[in-house]
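Q: Take a look at this one; I'll ask things after.
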Amino acid sequence: MTATPVGLPKASERHRVTPPAGMPQYDDMPRFDVDKVRGHFPILDREVNGHRLVYLDSGNTSQKPRQVLEALREHFELHNGNVARSVHTLGTEATAAYEGARAKVATFIGATSPDEVVFTKNSTEAINLVAYSFLNASLGKGGDPHVGGADQSRFRLGPGDEIVISEMEHHSNIVPWQLLCERTGATLRWFGITDEGRLDESNVDELITERTKLVSIVLVSNILGTANATTRIHDRAREVGSLFMLDASQAVPHRPMDVVGYDVDFIAFTGHKMCAPTGIGVLWGRRELLEAMPPFLGGGSMIETVEMTGSTFAGPPMRFEAGTPPIAEAVGLGAAVDYLSAIGMGAIAWHEKELTTYALDALQTVPGLRIFGPRVPVGRAGTISFDLAGIHPHDVGQVLDAEGVQVRVGHHCARPTCVRFGVAAMTRASLYLYNTTDEIDALVRGLERVRGVFA
Amino acid sequence: MQLDQLYQEMILDHYKAPRGRGLREPFDTQVRHVNPVCGDEVDLRVHLADGRVADVSYEGVGCSISQASASVLHELMVGKSVDDALSRVDAFTNMINSRGQIEPNEKLLEDGIAFAGVSKFPARVKCALLSWMAFKDATVQAVAGGTTS
């Protein structure tokens, strides 16, 4: 038996030590049983190239739990009908399920009303919806005069106006704004990236000015994993009267989201990265903005009344959901939201933080490996991109695949970020709630094999 | 999927010690081809003389498959008549696109047959074809009397 150092409580008494008030304790963090969660995902049982599947590409698309697959099956087997236009029972049930999913999503992101949730095809369409509303409002006669006579001046762009994004964006938060600026004569400006892979906010006051009409920034980078601090950018955008949008595609699936807390005007995210099917995305917008925005796509369901000489339009969110929407996919998203909420977004965020800490340490033991983006698990998410000894990422990914390890390689639809770091492509491992430290070990072993083949 | 079907010794050899790399004078045409999926790029020059391929020079960034295939292309094409060279490009393209169904013709493709395994990896087909498509483009332009593009 060893002596207890003077001044410290005996081991048996240590747990009784009262921590300073308000200081979070390790054991207080919310947790879940990863093995149990893995049991919810049938695909995790399969083999790839003779090895147990190690799925490290959830930033690309997530796997789907039984709860979501079951919801899809039940919808098609029992409730399939079209929405918002049927008096029959199936149509009524389908409508209730579709609108129920909208309400679940609204609660999930802290929206004040389901009417602020617009279903789209994906994040890309959600961002384009905002961009095209700007464009439509900017067309000659003041856009569409039938939108309740609302003031559309906030969405009108022309020469001298500016939109601000960052070098860290996914192409989906670059190209729509490039097109919008080319078409309206407005100017696109952007934040740079520091060597550590964080947004360079040093020139925030010069970038965001009275000329800025919209700032659209990625909340969590899909390539560097950086979780951006938005306060300074938000405050400056508000100071100059600009609208403020967040691309939350890599954030909403992984951490609690509160649109009121962020005091943001729009966020975009997509279902398939958060355990839901492909084909369903979300634009959340503040109600008074959505109410004033001209429509993007015209057609059925988005109208109030149609005459051959012109039409008037429904209010949001219907105004932005022309045509038959992805009903089953929305129901699947609702089931995914239920699933994630039951586990707890705080617990998922903590699990990923622990995994990220482990992965950053483990990867840095691999000779010749260079991590792009933050190398500490602070202000970053579980998306880790790297270079391995100059070996091309396609080759890295191919050898890893032979070991059953699924990672993404290439420019990750964020080519400007690759250019910023002087590479054509990166290898990326991205983590989610079902990943384990064993799988990170498998990645590290796979990287040793890569070095064996090419080094 | 067997990894060694893809990464044949021949391919790794060309990758680690590429033949004919670097852009050289003189040349008739220069083209740049990119693979938008991965961002790989090749700049390639063709010099024709007396109806023959006098030089193929190239520079680029890419994976082992794309770099090795450019090296093999260089070795195979220099000295061939234009018609012969283009028919070999077709043979290579057919083999790569065959999903493993075409028996590679060693007389025609020489080291190029090492890429037969690539055809079983659909995600890598573009890597193998990048420089060959660039060569075809540059050669057709050169024959047409074009200059730098």
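The values are calculated or read from the model by the stated rules, or taken from the named source; none is laboratory data. It should be emphasised that the depicted structure is a prediction, and the values quoted were computed from it without experimental measurement. So basically every Cβ, Gly included, is an ideal-geometry build from the backbone, and we count neighbours across all protein chains shown. Note: accessible area is taken over every heavy atom of the protein model, side chains too, but ligands, DNA and RNA are not part of it. Shrake-Rupley method; radii C 1.70, N 1.55, O 1.52, S 1.80 Å.
Q: Got at least one residue in the stretch A:131-151 being closer than 30 Å to A:PRO374 by Cβ and either outside any loop (DSSP other than H, G, I, E, B) or open to solvent by less than 50 Å² (accessible area, probe 1.4 Å) (or both)?
A: Taking every residue of the stretch A:131-151 in turn, at least one turns out to be closer than 30 Å to A:PRO374 by Cβ and either outside any loop (DSSP other than H, G, I, E, B) or open to solvent by less than 50 Å² (accessible area, probe 1.4 Å) (or both).
Q: Going through the stretch A:372-388 one residue at a time, which ones are within 13 Å of another protein chain (Cβ to nearest Cβ) and either basic (Lys, Arg) or open to solvent by 10 Å² or more (accessible area, probe 1.4 Å) (or both)?
A: A:ASP387, the sole residue that qualifies.
Q: Can you find a residue in the stretch B:7-25 that is under 14 Å from B:GLN67 (Cα atoms) and in contact with a Leu (Cβ under 7 Å, 6 or more places away or on another chain)?
A: No: zero hits.
Q: When you go through (1) more than 14 Å from chain B (Cβ to nearest Cβ); (2) crowded, with 22+ Cβ neighbours inside 10 Å one by one for A:HIS412, which number turns out not to apply?
A: (1)
Q: Moving on to the next point. For the stretch A:391-404, check the following and say yes or no: at least one residue is more than 13 Å from chain B (Cβ to nearest Cβ) and either open to solvent by 30 Å² or more (accessible area, probe 1.4 Å) or in contact with an Asp or Glu (Cβ under 8 Å, 6 or more places away or on another chain) (or both).
A: For the stretch A:391-404, residues more than 13 Å from chain B (Cβ to nearest Cβ) and either open to solvent by 30 Å² or more (accessible area, probe 1.4 Å) or in contact with an Asp or Glu (Cβ under 8 Å, 6 or more places away or on another chain) (or both): absent.
Q: Taking the stretch A:312-329 on its own, how many of its residues are within 19 Å of A:SER123 (Cα to Cα) and in contact with a Pro (Cβ under 9 Å, 6 or more places away or on another chain)?
A: Of the residues in the stretch A:312-329, 7 are within 19 Å of A:SER123 (Cα to Cα) and in contact with a Pro (Cβ under 9 Å, 6 or more places away or on another chain).
Q: A follow-up question, please. For the stretch B:122-149, give me the residue count where each residue is open to solvent by 10 Å² or more (accessible area, probe 1.4 Å), at pLDDT 90 or above and not in a loop (DSSP other than H, G, I, E, B).
A: 11
Q: Of all residues being closer than 25 Å to A:ASP28 by Cα and free of Cβ contacts under 8 Å to residues at least 24 places away in the same chain in the stretch A:342-371, which is farthest from the other protein chains (Cβ to nearest Cβ)? Just the residue, please.
A: Top of the filtered list is A:ALA342.
Q: Let me ask you something else. Out of everything in the stretch A:300-344 that is closer than 30 Å to A:PRO377 by Cβ and out of contact with any helix residue (DSSP H, G or I) (no Cβ under 8 Å at 6 or more places or on another chain), what residue ends up being least open to solvent (accessible area, probe 1.4 Å)?
A: Once the filter is applied, the top-ranked residue is A:GLY344.
Q: Provide a single number: the residues in the stretch A:31-54 that are within 13 Å of A:LEU433 (Cα to Cα) and open to solvent by 20 Å² or more (accessible area, probe 1.4 Å).
A: 9
Q: Right, next: Just the residues that are open to solvent by 20 Å² or more (accessible area, probe 1.4 Å) and away from chain B (no Cβ under 11 Å), please, taken from the stretch A:423-438.
A: Across the stretch A:423-438, the qualifying residues are A:THR436, A:THR437, A:ASP438.
Q: Which pairs have Cβ atoms under 6 Å, sit 6 or more apart or on different chains, and link a residue in the stretch B:71-95 that is under 13 Å from B:ALA134 (Cα atoms) to one that is assigned to a helix (DSSP H, G or I) and open to solvent by 30 Å² or more (accessible area, probe 1.4 Å)?
A: Filtered contacts from the stretch B:71-95: B:VAL89/B:LYS136.
Table: residues versus (1) of a type outside the set (Gly, Ala, Ser); (2) assigned to a helix (DSSP H, G or I); (3) assigned by TED's automatic domain parsing to the domain that holds A:ASP33; (4) touching an Asp or Glu at 6+ places or on another chain (Cβ under 9 Å).
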{"residue": "A:GLY298", "(1), (2), (3), (4)": "no, no, no, no"}
{"residue": "A:THR305", "(1), (2), (3), (4)": "yes, no, no, no"}
{"residue": "A:ALA322", "(1), (2), (3), (4)": "no, no, no, no"}
{"residue": "A:PRO325", "(1), (2), (3), (4)": "yes, no, no, no"}
{"residue": "A:ALA328", "(1), (2), (3), (4)": "no, yes, no, no"}
{"residue": "A:VAL337", "(1), (2), (3), (4)": "yes, yes, no, no"}
{"residue": "A:TRP350", "(1), (2), (3), (4)": "yes, yes, yes, no"}
{"residue": "A:GLU354", "(1), (2), (3), (4)": "yes, yes, yes, no"}
{"residue": "A:ASP361", "(1), (2), (3), (4)": "yes, yes, yes, no"}
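Q: For the stretch A:158-241, which strands (runs of 3 or more DSSP E) that fit wholly inside it have 3 or more residues that are in contact with a helix residue (DSSP H, G or I) (Cβ under 9 Å, 6 or more places away or on another chain) and of a type outside the set (A, V, I, L, M)?
A: On the way: elements: A:162-166, A:187-193, A:212-218.
The strands (runs of 3 or more DSSP E) meeting that bar are A:187-193, A:212-218.
Q: Okay, next question. Kindly provide the set of residues from the stretch B:64-121 that are open to solvent by 40 Å² or more (accessible area, probe 1.4 Å), in contact with a Gly (Cβ under 9 Å, 6 or more places away or on another chain) and among the β-branched types (Val, Ile, Thr), ordered by number.
A: Scanning the stretch B:64-121 gives a single hit, B:VAL78.
Q: Look at the stretch A:68-122 and say how many of its residues are without any contact (Cβ under 8 Å) to a residue 24 or more places away in the chain, open to solvent by less than 60 Å² (accessible area, probe 1.4 Å) and not in a helix (DSSP H, G or I).
A: Number satisfying all stated conditions: 2.
Q: Now, a different point. Could you check how many residues of the stretch A:399-422 are farther than 23 Å from A:ALA251 by Cα and either over 24 Å from the mean Cα position of the chain (by Cα) or of a type in the set (Ser, Thr, Tyr) (or both)?
A: Number satisfying all stated conditions: 7.
Q: What number of residues within the stretch A:310-359 are hydrophobic (A, V, I, L, M, F, W, C) and touching a strand residue (DSSP E or B) at 6+ places or on another chain (Cβ under 7 Å)? Quick ask: steps written out before the conclusion?
A: Narrowing the stretch A:310-359 to residues hydrophobic (A, V, I, L, M, F, W, C): A:313-314, A:318, A:320, A:322, A:327-328, A:330-331, A:333, A:335-337, A:340, A:342-343, A:345, A:347-350, A:355, A:359.
Those left that are additionally touching a strand residue (DSSP E or B) at 6+ places or on another chain (Cβ under 7 Å): A:313-314, A:320, A:330, A:359.
Going through the stretch A:310-359 one residue at a time, the tally reaches 5.
Q: Does B:LYS136 satisfy the criteria of being touching a Leu at 6+ places or on another chain (Cβ under 8 Å) and among the basic types (Lys, Arg)?
A: yes
Q: Here's another thing I want to ask about it. Tell me which residues, restricted to the stretch A:272-293, are modelled with pLDDT of 95 or more and assigned to a loop (DSSP other than H, G, I, E, B).
A: Those that are modelled with pLDDT of 95 or more and assigned to a loop (DSSP other than H, G, I, E, B): A:CYS275, A:ALA276, A:PRO277, A:THR278, A:GLY279, A:ILE280, A:ARG286.
Q: Can I ask one more? Looking only at strands (runs of 3 or more DSSP E) that lie completely in the stretch B:1-101, which have at least 1 residues being more than 14 Å from chain A (Cβ to nearest Cβ), within 13 Å of the chain's Cα centre (by Cα) and hydroxyl-bearing (Ser, Thr, Tyr)? Reasoning before the result, please.
A: On the way: elements: B:29-35, B:40-49, B:52-61.
Output list reads B:52-61.
Q: Assuming A:ALA442 fulfils every condition listed in (1) more than 24 Å from the chain's Cα centre (by Cα); (2) within 14 Å of chain B (Cβ to nearest Cβ) apart from one, which condition is it?
A: Here A:ALA442 clears every test but (2).
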